[in-house]
Amino acid sequence: MKTVKEILSWILPIVIGILIALLVRQFWFGMVKVDGTSMAPNLQNNERVMLLKEASIKHNTVIVFNAKGVDTNNPTVKNDTKYVKRVIGLPGDKIEYRNNGNVYVNGKYLSQGYITADQRKTGTLTLALKEADGVRLGTNQTFTVPKNKYFVLGDNRRNSNDSRYYGFVPKSKIDGVVKVVFWNSKAKLINSYSGSN
């Protein structure tokens, strides 16, 4: 009897710890591997990042979402295909992406200091495919992000398959917000970017 109590005294905390870890992972936290170069130079191919499932989404937040049903242009998208992109427009935002590469959200300039001036201008405006329905880029061209949807772009605009081509990302498809460890050299550009050029 004493042996059973001793065994339970160290097994029970382990079991409880595992259950807590599983709950945290299921509802609040996870890890994701970046696949591809669409977020370079700020996130690299095969880099592992943290995913906060309940974090708030703001302008310039980096998110992970399920691409199935969103990117209908890509026949390789499967049920578990995840994309990592940066939020430019929130639901209801009026977006103007000008010819000089500057973006205005609801008439206010939105800094994109996390990428070069060339990526902001040529990288964003030189399209590889036809623009998605409802998306218009260029000076004096505006569009409104629909309710419960987001307009997202990759940081590597020349090589990013994003909302310019497949349209807006429904809130229901978003898994969470990307965070990197504080000692990562790009942490300020990923975790809470709000800077200036």
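The values are calculated or read from the model by the stated rules, or taken from the named source; none is laboratory data. For clarity, every value in this text was computed on a predicted model and none was experimentally measured. Neighbour counts are summed over all protein chains in view; Cβ atoms, including those assigned to glycine, are modelled from backbone coordinates with ideal geometry.
Which numbered condition trips up LYS173, out of (1) at pLDDT below 95; (2) assigned by TED's automatic domain parsing to the domain that holds LYS85?
With respect to (1) at pLDDT below 95; (2) assigned by TED's automatic domain parsing to the domain that holds LYS85, LYS173 is out only on (1).
Assess whether ARG120 counts as being out of contact with any Lys or Arg (no Cβ under 9 Å at 6 or more places or on another chain), in the same structural domain as PRO41 (by TED's automatic domain parsing) and surrounded by 14 or more Cβ atoms within 10 Å (Cβ to Cβ).
For ARG120, the condition - out of contact with any Lys or Arg (no Cβ under 9 Å at 6 or more places or on another chain), in the same structural domain as PRO41 (by TED's automatic domain parsing) and surrounded by 14 or more Cβ atoms within 10 Å (Cβ to Cβ) - is not met.
Conditions (1) modelled with pLDDT under 95; (2) polar (S, T, N, Q); (3) over 20 Å from VAL169 (Cα atoms), marked per residue:
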{"site": "SER56", "(1), (2), (3)": "yes, yes, no"}
{"site": "ALA67", "(1), (2), (3)": "no, no, no"}
{"site": "TYR104", "(1), (2), (3)": "no, no, no"}
{"site": "ALA117", "(1), (2), (3)": "yes, no, yes"}
{"site": "THR122", "(1), (2), (3)": "yes, yes, yes"}
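Looking at the structure I just gave you, is GLY30 surrounded by 13 or more Cβ atoms within 10 Å (Cβ to Cβ), more than 25 Å from VAL103 (Cα to Cα) and either aliphatic (A, V, I, L, M) or out of contact with any helix residue (DSSP H, G or I) (no Cβ under 7 Å at 6 or more places or on another chain) (or both)?
Answer is yes for this residue.
Going by the structure shown, is GLY113 at pLDDT 95 or above, under 19 Å from the mean Cα position of the chain (by Cα) and surrounded by fewer than 16 Cβ atoms within 10 Å (Cβ to Cβ)?
When the stated conditions are applied, GLY113 does not pass them.
Within segment 37-48, which residues are more than 18 Å from LYS173 (Cβ to Cβ) and crowded, with 17+ Cβ neighbours inside 10 Å?
ALA40, ASN42, LEU43, GLU47, listed by residue number.
Being surrounded by 18 or more Cβ atoms within 10 Å (Cβ to Cβ) and more than 23 Å from LYS186 (Cα to Cα) narrows it down to one of VAL62, VAL103, VAL70, so name that one.
On the way: VAL62 fails: more than 23 Å from LYS186 (Cα to Cα); VAL103 fails: more than 23 Å from LYS186 (Cα to Cα).
Only one candidate passes the filter, namely VAL70.
Report, by residue number, each residue of segment 150-187 that is closer than 21 Å to MET50 by Cα and of a type in the set (Lys, Arg).
Scanning segment 150-187 gives LYS171, LYS173, LYS179, LYS186.
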